[in-house]
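Asker: Next up is a structure, given as structure tokens.
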Amino acid sequence: MKVMIVEDEPLVALELERIAVEAGHEVVGPFMTAGQALAYASKAQVAFVDLGLADGDSGAGLARRLTDRFRIKVIFVTGSPERVGYGLEGAIGIIDKPFTDKVIVDALEKAQRLQG
């Protein structure tokens, strides 16, 4: 699967990328802003999205655009899962930071099953 990473913390983005690649997926990104992510959205099937992005945009708002416009499966990765609110509809999961490799791999397997 093609996995988009939208995360403004470089170390977290690198860790997500490492886990996805080791699980056999191709990574699109990582991106730090909603604009960057939207420019490459057509290349992804699933996206890990943080709530706070580098350009001040809301990851939840981006998630809605990714699910509505591009039919991308969105998984939030955030230190504040209670703040997801808007954008949750259409998302297939929420992962709390800090996360483990297994939690990320399990989320990718769920997304793959939902792809059909």
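Asker: Residue by residue through the range 27-39, what is 3J(HN,Hα) from phi via Karplus (6.51 cos²θ - 1.76 cosθ + 1.60, θ = phi - 60°)? Round to whole Hz and write x for glycine and proline.
Answerer: So the J values, rounded to whole Hz, are 9, 10, x, x, 10, 9, 10, 5, x, 4, 4, 5, 5.
Asker: Ok, one more. Treating the beta-carbon of each Lys and Arg as +1 and of each Asp and Glu as -1, no other charges, what is the dipole magnitude of the range 2-115 about its Cα centre, to the nearest 20 debye?
Answerer: Details: 13 positive and 17 negative charges, 105 e Å.
That gives a dipole near 500 debye.
Asker: Per 0.36 nm of contour for each residue apart, how much would the distance between M1 and S42 grow if the chain were fully extended, relative to their Cα-Cα spacing? Present the calculation step by step, with values, prior to reporting the outcome.
Answerer: Working: separation 41, 0.36 × 41 = 14.76 nm, distance 1.29 nm.
Between M1 and S42, full extension yields an extra 13.5 nm.
Asker: What number, rounded to the nearest 500 deg cm²/dmol, is the helix-based mean residue ellipticity at 222 nm of the chain, given -39500 (n - 2.57) per DSSP H run of at least four residues and division by all its residues? Before the final figure, lay out the partial values.
Answerer: Details: 4 runs with 47 residues, N = 116.
Rounded to the nearest 500, the figure is -12500 deg cm²/dmol.
Asker: Residue by residue through the range 58-73, what is 3J(HN,Hα) from phi via Karplus (6.51 cos²θ - 1.76 cosθ + 1.60, θ = phi - 60°)? Round to whole Hz and write x for glycine and proline.
Answerer: Coupling constants for the range 58-73: 8, x, 5, x, 4, 4, 4, 5, 5, 6, 6, 7, 10, 6, 7, 6 Hz.
Asker: Quick one: 3J(HN,Hα) in Hz for the range 5-12, Karplus 6.51/-1.76/1.60 with θ = phi - 60°, rounded, Gly and Pro as x.
Answerer: 10, 10, 8, 8, 9, x, 5, 5
Asker: Please report how many Lys pairs in the chain have alpha carbons closer than 13 angstrom, counting only residues at least 8 apart along the chain or sitting on separate chains.
Answerer: Working: K2/K43; K2/K73; K43/K73; K73/K110; K102/K110.
Lysine pairs satisfying the spacing and distance rule in the chain number 5.
Asker: Given T33, G56, G93, which one lies farthest toward the positive end of the charge dipole of the range 2-115, if we put +1 on the Cβ of every Lys and Arg and -1 on the Cβ of every Asp and Glu?
Answerer: Of the listed residues, the answer is G93.
Any read-out appearing in this document is the output of simple, stated calculations on the displayed coordinates, not a laboratory observation. Worth saying up front: this structure is predicted, and the values here are computed from it rather than measured. Positions of Cβ are generated from backbone atoms using ideal geometry, with glycine treated the same way; all protein chains shown enter the neighbour counts.
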